[in-house]
1. Taking the Cβ of residue 193 as the center, what net charge do the other residues with Cβ under 15 Å away carry, scoring Lys and Arg +1 and Asp and Glu -1?
2. Principal axes first, then extents: for the Cα atoms of region 222-371, list largest minus smallest coordinate on each axis, whole Å, largest first.
3. In region 222-371, how many lysine pairs have Cα atoms under 15 Å apart, counting only pairs 8 or more places apart or on different chains?
4. Relative contact order of the chain, please, whole-number percent, based on alpha carbon pairs below 8 angstrom and at least 6 residues apart.
5. Going by average Cβ neighbours within 10 Å, how do the peptides 201-210, 337-346, 70-79 rank, with the highest at the top?
6. Could you give each residue of region 11-24 its phi-based ³J(HN,Hα) in whole Hz, using Karplus coefficients 6.51, -1.76, 1.60 with θ = phi - 60°, and x for Gly or Pro?
7. Please list, in chain and number order, the residues 5+ apart from residue 4 or on another chain whose amide H is under 5 Å from its amide H, with Hs placed from the backbone.
8. Take every DSSP beta bridge whose two residues both sit in region 222-371, then give the antiparallel share in percent to the nearest 5.
Amino acid sequence: MNNVAITGTGVFTPSLVITNAELVAAFNTYADMWNAENARAIAAGQVAAKDHSSADFIYSASGIKQRYVLDKSGILDPGRMFPNLPARRDTEPSYMAEIGVDAAQKALSAAGRRAGDVDLVICAASNMERAYPAISVEIQKLLGAGGFAFDMNVACSSATFGIQAAADMIRTGSIRAALVINPEICSAHLEWRDRDCHFIFGDVATATLLERDEGLSQPRFKVLSTRCATQFSNNIRNNNGYMRRSHDQMEDRRDMQFMQNGRKVFKEVLPLVSQHIADHLAETGVAASDLRRLWLHQANKTMNDFIGKKVLGRVPAPGEQPNILQDYANTSSAGSIIAFSKHSDDLPVGDKGLICSFGAGYSVGSVIVERA
Ligand code: COA
């Protein structure tokens with residue numbers, strides 16, 4: 001079996017930012033407009049008036065201060081409340097490929113590699129812009145990578161599941177180097193008119209380069225072990241899929257965007273993730289006290305604080321469990337990789353850390369790494 005290392009990561013960050021204050025102002029204007037339009041039905045008790053959102057609630061419930069988005073004007077237009085991202089023509093790069101390529105080029109450059117060194121491209125994300133051809137094959141072509149490519153979707157766990165798939169192929173020798181790319185255009189599957197979740201997501205793309213760890217001398221992270229697990233739940237769900245066009249094209253169905261039972265997710269996912277990490281550490285023979293850093297999925301600060309405390313058996317020291325969701329919000333599968341990419345270079349050789357993502361499915365994936 002070959003050893004595997006992460007030799008580079010890259011993050012594409014959109015140039016546009018929406019602060020909580022901007023988001024709430026747009027939502028509240030929309031709510032006022034909707035309430036005025038439906039004043040009669042509201043007065044007759046047929047429908048409930050829409051309550052205002054609040055920036056204080058958003059920050060205290062989630063830890064999010066702002067999010068990056070590919071389009072701002074469409075989201076903040078109270079008459080629209082959806083990003084203005086016109087469908088790309090077949091002759092143009094898809095949005096996912098475009099931002100994925102940017103992140104991938106940064107990962108290659110961080111590792112001092114060329115696209116030609118790569119023989120597998122995985123595009124792992126919670127939604128795909130089209131059914132086929134695979135976005136990953138388009139990215140492979142735009143980059144000039146060799147080998148083969150495929151898409152996979154395990155919602156928020158897509159990055160760690162992609163890393164396991166790539167690492168296993170490097171271990172067994174079917175490939176030498178893989179890019180796992182996570183272009184997450186979450187703004188296009190979020191219902192911005194739903195007060196309970198309109199603040200949750202942002203857009204980003206991340207890329208992780210994995211290579212056979214043989215004759216490498218540059219700074220890198222050895223992949224000591226990976227572990228994935230799933231358990232079916234409807235508590236995070238999006239019904240949008242290829243059956244929609246034929247049956248429901250004309251309907252404005254709420255279930256065709258991200259839906260969650262946030263409270264249940266909170267309660268059920270925490271024990272699942274904590275146990276998963278404990279089992280993974282035990283299987284690998286790594287003690288929790290050996291972990292110098294946790295790069296956790298970025299959905300909710302309270303959730304991460306809880307997991308960090310549970311895993312380490314104490315409140316994590318500042319910097320031990322870096323959060324990026326105050327700036328990026330929840331970026332689905334990309335969140336733990338943004339945290340890893342931005343907060344890992346300072347670790348000395350020999351230090352160990354854990355990347356962990358979790359979400360819809362339910363799914364949880366973890367990667368134990370060691371600085372080399
Ligand atoms: N502004 C102001 N008030 C709001 C609000 C908003 N935008 N959204 C909800 N509220 C209100 C609710 O109406 C409720 O009021 P009530 O107590 O009078 O009924 C109160 O705030 C609490 O709402 P609730 O939805 O129960 O909040 P919460 O504390 O559970 O936090 C989440 C909501 C979504 C942040 C939290 O449940 C969470 O993070 N869950 C897990 C998310 C997750 O990991 N999802 C995975 C996605 S990948």
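What follows draws every value from the coordinates through simple rules; no lab data is involved. Small disclaimer: the values here were computed from a predicted structure and weren't measured. Please note: Cβ atoms are built from the backbone with ideal geometry, for glycine as well, and neighbour counts cover all protein chains shown.
1. On the way: positive: 50, 80, 195, 253, 254; negative: 32, 37, 51, 77, 191, 194, 196, 252, 255.
Surrounding charge for residue 193 is -4.
2. Principal axes ranked by extent give 57, 30, 27 Å for the Cα atoms.
3. Working: 222/352; 267/301; 267/310; 301/309; 301/310.
Count of close lysine pairs: 5.
4. Values: 824 pairs, mean separation 86.4, N = 372.
Relative contact order, the chain: 23 percent.
5. Values: 201-210: 30.0, 337-346: 21.2, 70-79: 17.3.
Highest mean packing first, the order is 201-210, 337-346, 70-79.
6. 10, 9, 10, x, 7, 9, 10, 10, 7, 4, 4, 5, 5, 5
7. Under 5 Å from the amide H of residue 4 lie the amide H atoms of 213, 223, each far enough along the sequence or on another chain.
8. Values: 18 of 23 bridges.
Approximately 80 percent, going by the DSSP bridge assignments.
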